[in-house]
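Derivation of every value follows stated rules applied to the coordinates shown; laboratory data play no part. Not measured: the values here are computed from a predicted model. Because the Cβ atoms are built from the backbone with ideal geometry, glycine has one as well, and the counts that use them run over all protein chains shown.
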Amino acid sequence: MDLQKLTFFQVAQQRMDWLAQRQKVVSENLANANTPGYVAKDLKPVDFQNELSRSLARQNPALPATRTDPAHLTGTLPQAGPYRAEVTRRPFEYTLDKNGVDVEPQMEKEASNRSQYELASNLVMKNLSMIRTALGRSGG
Amino acid sequence: MDDLMISTKISTSGMKAQATRLRVVSENIANADSVGTKPGEAPYRRKTMSFKSEVDRSLGADLVKVKKIGVDRSDFEKRYDPNHPAADKDGYVQLPNVNPLIEMMDMKEAQRGYEANLNAMQISRQMISKTVDMLK
């Protein structure tokens, strides 16, 4: 049985992917909290328009450059993950060295990432146990 | 899950950078009274450091690195102490340009930065273990 055919599991997987990638972006912000000129980034929330254009792009992926010699570079940027990170427009404040990372909102994002990740993974486990029940075995 | 592994690496780079900063601060504080031993000899010069953000291509993430450890070019203070071995012909001794208050502030900021990174790493690790728990 392919669980990915059940919409619920697809949605949960997407949610967890998004949260994991957001955790990465938040970690970057915190690591660079004292780097001159660095401004905090955050992931765009998932919306229908985005998802539509993404699924269209999946059907027509961009052509990678052909490498005729092993010394050639791949010619594309490293895969940044499926979701787009964007620079925070108006941070609370800039320091004198033009750093625009506010630590407090990052902490809040971390905490909400963790709890939402937990929610998604608990829902997946609950659904699996429901499937198990439907199969006639004792769930658990 | 791969993103979570990468986040722990990013946090590690942040912690390393803040630790280097703390090392520079310690050097400055330890040498806050290091004056010369010969007449007119320059005392300890305060060290400074700055961070830079660097894209790691294999991780596809902005890591933080120590840009460079430089020196503070501000003037030395002078104290009148003709009996000191480092006193010049007018009797003045040059003192290091270390301001303990600035170093304390830097130290606190480094500590806060380190804690923030450590916290981010703990949360990433909790998310990883939550994923692994789904196997149960």
**Complete:** Rounded to a whole number, the Stokes-Einstein D of the protein assembly as shown in µm²/s (Kirkwood radius over Cα pairs; 4 °C; 1.567 mPa s) is 57
**Prompt:** Among B:Asn83, A:Val25, A:Leu73, which residue has its Cα positioned farthest towards the positive end of the charge dipole of the protein assembly as shown, with +1 placed on the Cβ of Lys and Arg, -1 on the Cβ of Asp and Glu, and the dipole taken about the Cα centre?
**Reply:** A:Leu73
**Asked** Ranking A:His72, B:His84 by Cβ neighbours within 10 Å, fewest first, what do you get?
**Response** A:His72, B:His84
**Message:** How large is log10 of I(q)/I(0) for the stretch B:1-80 at q = 0.14, 0.19, 0.23, 0.26 Å⁻¹ when the intensity is taken from the Debye formula with one equal scatterer per alpha-carbon?
**Reply:** -0.61, -0.85, -1.06, -1.20
**chain A, dipole about Cα centre (Lys/Arg Cβ +1, Asp/Glu Cβ -1), debye to the nearest 20** = 560
**Message:** Can you compute 3J(HN,Hα) from phi for each residue in the stretch B:93-110, using the Karplus curve 6.51 cos²θ - 1.76 cosθ + 1.60 with θ = phi - 60°, rounded to whole Hz and x for Gly and Pro?
**Reply:** 10, 7, 9, x, 8, 9, 9, x, 5, 4, 5, 5, 4, 4, 5, 4, 5, 4
**Message:** Quick one: 3J(HN,Hα) in Hz for the stretch B:128-136, Karplus 6.51/-1.76/1.60 with θ = phi - 60°, rounded, Gly and Pro as x.
**Reply:** 4, 5, 5, 5, 5, 4, 5, 6, 5
**Complete:** For the protein assembly as shown, the dipole about the Cα centre with charges only on Cβ (Lys and Arg +1, Asp and Glu -1), to the nearest 20 debye, works out at 900
**Request:** Would you mind counting up the charge near A:Phe9? Only other residues with Cβ under 15 Å from its Cβ, with Lys and Arg at +1 and Asp and Glu at -1.
**Result:** +2
**Request:** Within 10 Å of each Cβ in peptide A:37-43, how many partner chain Cβ atoms are there on average? Round it to a whole number, please.
**Result:** 1
**Fill in**
As a Kirkwood estimate from alpha-carbon pairs, chain B has a hydrodynamic radius in angstrom of 17.8
**Asked** In peptide A:107-120, what is the residue-averaged number of other protein chain Cβ atoms found within 10 Å of each Cβ?
**Response** 3
**Message:** Using a Cα-Cα cut-off of under 13 Å, which aspartates and glutamates could be cross-linked to B:Lys78, ignoring same-chain neighbours fewer than 8 residues away?
**Reply:** B:Asp33, B:Glu41, B:Asp88, B:Asp90
**Complete:** Whole-percent tail of the Cα-Cα distance distribution for chain A, cut at 27 Å, equals 44
**Prompt:** Just counting partner chain Cβ atoms within 10 Å, what average do the residues of peptide B:49-57 show around their Cβ?
**Reply:** 4
**Message:** Among B:Gln94, B:Met105, B:Ser124, whose Cα projects farthest towards the positive end of the dipole of the stretch B:24-124, with charges put on the beta-carbon of Lys, Arg (+1) and Asp, Glu (-1)?
**Reply:** B:Ser124
